[in-house]
1. Please report, for the Cα atoms of segment 1-129, the Rg to one decimal and the Dmax as a whole number; what are they, in angstrom?
2. Using a probe of 1.4 angstrom, how much of the accessible area of segment 214-306 is carbon and sulfur, in percent?
3. Normalise the Debye intensity by I(0) for segment 46-88, one equal point scatterer per Cα, no solvent, then take log10 at q = 0.19, 0.28 Å⁻¹ and round to two decimals.
4. In square nanometres, what is one fourth of the surface area of the convex hull spanned by the alpha carbons of segment 349-462?
5. For the peptides 8-14, 92-98, what is the packing order when you average, over each peptide's residues, the other Cβ atoms within 10 Å and list the highest mean first?
6. When the chain is fully extended, how far beyond the present Cα-Cα distance does residue 46 get from residue 345, taking 0.36 nm per residue of separation?
7. Note the full-extension length gain between residue 90 and residue 275 as 0.36 nm times their separation in residues minus their Cα-Cα distance, in nm to one decimal.
8. Residue separation times 0.36 nm, minus the C-alpha to C-alpha distance between residue 126 and residue 430: what's the value?
Amino acid sequence: KESPDVLGLLKQWGGVTIAYRQALQMAPSYRLNHEEVVKAFEEGIHLTEGLSPKQVEVDEYGKATGLTLTNQHSKDITLPARTILIAAGTQPNTVIGREYPERFSLHGRFFDALDKSGQPVKVDPRAKPKEVHILVNKREDDKAISYFGDMHPSFHGKVVKAMGSAKQGYPLLCQILKQADPHVVPPAVLFDILDRDLRTHVHQVKRLNPFVMELTLHAPMAARNFEPGQFFRLQNYESSAHHVFDTSLCMEGIALTGARVDKEKGLITCIVREVGGSTELCRLLQPGDPVVLMGPTGKAVDLPKNKTVLLAGGGAGNINLLTIGQKLKQQGNKIIYFAHYTQNKTRFWHEEIEDFADQIIWCSEEKSAFSPDRPQDAFYQGNLNAAINDFAQTHPNVLKKVDHLMVITAGDVMQNLQAALAGPLQQHFKKNLKASAAIHSPMQCMMKEVCAQCLQSHTDPKTGKTEIVFSCFNQDQPLHLVDFDVLHGRLRQNSVQEKLTRLWIEKCLKELGEDKIAA
């Protein structure tokens, strides 16, 4: 019957401190909604002013132990911290404007606005403008594209303002819809179209080896819009998921690329490597099962025409290179392909690679070699970088003709190749060689520059200048700029939770039984 000392306990456990660069009076929360500050103080949150973050201190396991900040007198202060949350501010997401500049124009951080007749107009930045302008594109047939919330200069920065944008903007939408073509598609026909094009279900599941499966999905609209270099986000539905030990076996979002895409039949074939809990749940999928497939998302890779291209793939990276290699061949390129596998049995779909590659150097780390099927191809026992180095020594004139190098494999292998291209391999390639690497960094939303889970740093080796990029927007990045140490650290940041989750899912699958998994 003792009243708990909540604030005392929170402070004893470490409490919560907000480190703010400026004075409290300058904070948007204080200026726009001071009640937030009052309630925060009531909850025991402590605020320190005039501190700028400098670096995160870590222990021998890479776990955060403190945050070092610099005060206004340029003195360093370290606050003990186990959990650090960064309020990085908000930026309007105008990615689509960069992807389709012919449809959208930008004014500073925001889109240029149009009035309802389609003419450019200046936007009032106040939250309650006298005239509301919500159009960014208008076509000759009176169809238009509108924008609200954080992308709009009048309604940027606050959830309440975003809600206000809908309230103030919908009357204009109604006016525009009245001007549109009055032709109405019967509801039954409309829903048939939506069901056919937008609903995704499993078409086929095929086991390639104990750790890899081939998953084919029926998703007509996604298939039609896919371009090499893009990827999808796959999940199952909770309503159809198995339940074991009070656990709903729902997948987290899995990033998969289209290894084979049949645009006419609406089929997308993906390769799933069982490397974690969610990917292991793919073994429960059966033909006909409905699934969630977001995408295609990401940026289609920029591919050269009529050039000599060296492709280097390792493991599943060879699958990711299939659609890229096919498109390269269509565009008149000569293709030299290095395909690496840790074991001979993990080599599959080699006929598809032979269809577009002019010359293939097969690499395996197993001592037992396999014979290439074509006379121009070769086999090398060893790792990918060693194979490229050996080929460079014996075929220097071939690599001198390479215009573009594209690599998709494990991060440490790409890091070694990065170092080799700046060192011993440099003499075997052109000085203006364009080299790119597909960065499979941690991702969450996969919606292009939204959640920042996929942040990746680039460091210029000449100037030392560092730039942060969103890798879910563009997986293919300049090989010489990628900071692979940062990539390795980010990939390991949730390793403990991922291992525990996988152990629990394996326990659930064992309880579920092989008969139900195969049913």
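The values are calculated or read from the model by the stated rules, or taken from the named source; none is laboratory data. Just so you know, these numbers come straight off a predicted model, no measurement behind them. Every residue, glycine as well, gets a Cβ built from its backbone with ideal geometry; the counts of neighbours run over all protein chains shown. Areas reflect the complete protein model, heavy atoms only, side chains present, ligands, DNA and RNA absent. Shrake-Rupley method; radii C 1.70, N 1.55, O 1.52, S 1.80 Å.
1. In Å, with Rg to one decimal and Dmax whole: 21.6, 70.
2. Accessible surface attributable to carbon and sulfur in segment 214-306 totals 45 percent.
3. Values returned for q = 0.19, 0.28 Å⁻¹ are -0.58, -1.06.
4. So the Cα hull casts an average projection of 9.5 nm².
5. Packing proxy ranking, top to bottom: 92-98, 8-14.
6. 101.8 nm
7. Once the chain is fully extended between residue 90 and residue 275, it gains 63.2 nm.
8. Full-extension gain reported as 104.0 nm.
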